[in-house]
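What follows is a single structure, written as structure tokens, with notes after it.
Values in this text are rule-based calculations from the coordinates and carry no lab data. Quantities reported herein were computed from a predicted structural model and do not represent experimental measurements. Cβ placement follows ideal geometry from the backbone for every residue including glycine, while neighbour counts extend to all protein chains displayed.
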Amino acid sequence: MTLAEAVAAPSIDDAFLDDPYPAYRAWREAGPVLWSDAFFGGAWLLTRHAVVEAALRDPALSAQRTGGWVMAAAQQGRAELRPFQSLFARAMLFLDAPDHGRLRQILMPAFRPDALAPLQNWLDATVTERVRAFHGRFDFMAELARPLPAHVIGRLMDVDPALETTFMHWCDNIAVFIGATQPEHAQLLRAQRSLLEMTAYFERELLPWRRQHLGDDLVSRLLHAEAQGQIESSLELLAQCAMLLFAGYETTRNLLGNGLHALLSHPSQWRLLCRQPDLAGNAVRELLRFDSPVQWTGRRVTRAMTLCGQAIQRGDLVLPLIGSANRDPARHRNPEALQIDRSSPGALSFGSGAHICIGAALTHMEAQTVLRVLATHKPSLTLDGVPVRNRNPLYRGLAMLPVRAA
């Protein structure tokens, strides 16, 4: 696709899936608001940092209406999809005020840095043990980037560790569906089966056990809120359980893979981190900006409006392109460069406004710990083969990252 074609008709092709940033640059230069038929049958793409951040904070752009894409994607058998749609649409991610705030208030205390602090020693020991065992050639995604966040969110939710591989498979199927701009019916059915199996585990096994043995885990927190009348239905309870399990795994594993790949692809930055492992926290912020694990989010327009001179109709889909905003030169100096000691403003990878990611501190803690431990114990780490992309335009990440450690 030529530059002119990319601007005239924003779309997703193999080159975009490999590296979307040249297309984002062309779209930003073409304008802050562009129409594309390639995204979910038609959507307005927001390309620049200022308009993306404003959209994420605008209550006239509804997150709740995006929950309807299950039925929109259905080609047949809409009746059989109602349980899937009902669960999907009740997840906090897809709710507006006041329901979003009500549920967020229940969960937010558990994700504050002070509440997560007791996890740090365990996380240090777990990551260090795994990293010290790395020798020779291995797949970083299989050995650490995938299992670690599954283990962490499973621990916080008291999920049976024996089910970690199973729930990673469930999450993979759901991520493929959510990330598909034109979902195939087979993807929808796999996602539905995975979500229903996931919630069946909670409903039949974990929730009954926890009702009899309340603890300080996330599921117990939700059950306490249910007992206090803050959770409105069993469906709402199950939707939050599934959302926490999915979100706690998907974003973090992609951040870990994208982040290490970026560092090893920029040896001077990897060497800097190895010399100064205390830069790990700043490095995570820069890696989030440089190659965000979440490339966009969706909103529906609740009333007709004008956005950057463009008339937007009620019901239109708007996609704030987080990946594009994070490389906007109007916000970040020399945005195409990876600079882990960068002191400029942070990225929009965790969102902004009311829907800012509730698990941001946890994801940051995990990534910072992994980078610090890798830089300390495996400074010889190098790429050793061609990485394999997951081909998901929304949840940008790697299926395989071959590396070598001395």
Relative contact order as a percentage, the chain, C-alpha pairs under 8 Å and 6+ apart, gives 26 percent
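Longest span of the chain, sites excluded, free of GluC sites (Glu not before Pro) in DSSP loop with at most 14 other C-beta atoms within 10 Å?
Numbers: sites that count: Glu184, Glu232, Glu336.
Here the longest segment lacking exposed loop sites spans 1-183.
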Given (i) 40, 25, 20; (ii) 38, 24, 20; (iii) 30, 29, 19 as candidate values of semi-axes √(5λ) of the Cα gyration tensor in Å, which corresponds to the one derived from the coordinates? (iii)
Please order Leu260, Leu223 by the number of other Cβ within 10 Å, starting at the fewest. Leu223, Leu260
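Contour minus end-to-end for Glu29 and Thr302, with contour as 0.36 nm per residue of separation and end-to-end as the Cα-Cα distance? Walk me through the numbers before you get to the answer.
Working: separation 273, 0.36 × 273 = 98.28 nm, distance 2.77 nm.
Length difference between fully extended and current span is 95.5 nm.
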Compute the length gained on full extension between Ala97 and Asp278: take 0.36 nm times their separation in residues and subtract their Cα-Cα distance, giving the result in nm to one decimal. 61.2 nm
Contact order relative to length for segment 225-291, counting C-alpha pairs under 8 Å separated by 6 or more residues, stands in percent at 27 percent
With springs only between Cα atoms under 10 Å apart, run a GNM on the chain and tell me which of Asp18, Asp99, Asp114 wobbles the most. Asp114
Label-point gap, in nm, between Gln120 and Arg333 - each point 7 angstrom along Cα→Cβ: 3.1 nm
What's the center-to-center distance, using Cα atoms, between segment 140-209 and segment 328-406 in Å? 22 Å
Integer Hz, Karplus 6.51/-1.76/1.60 couplings in order for segment 313-322, x for Gly and Pro: 8, 4, x, 5, 8, 10, 10, x, 7, 4
Sorted by Cβ density within 10 Å, fewest first, the residues Tyr201, Tyr249: Tyr201, Tyr249
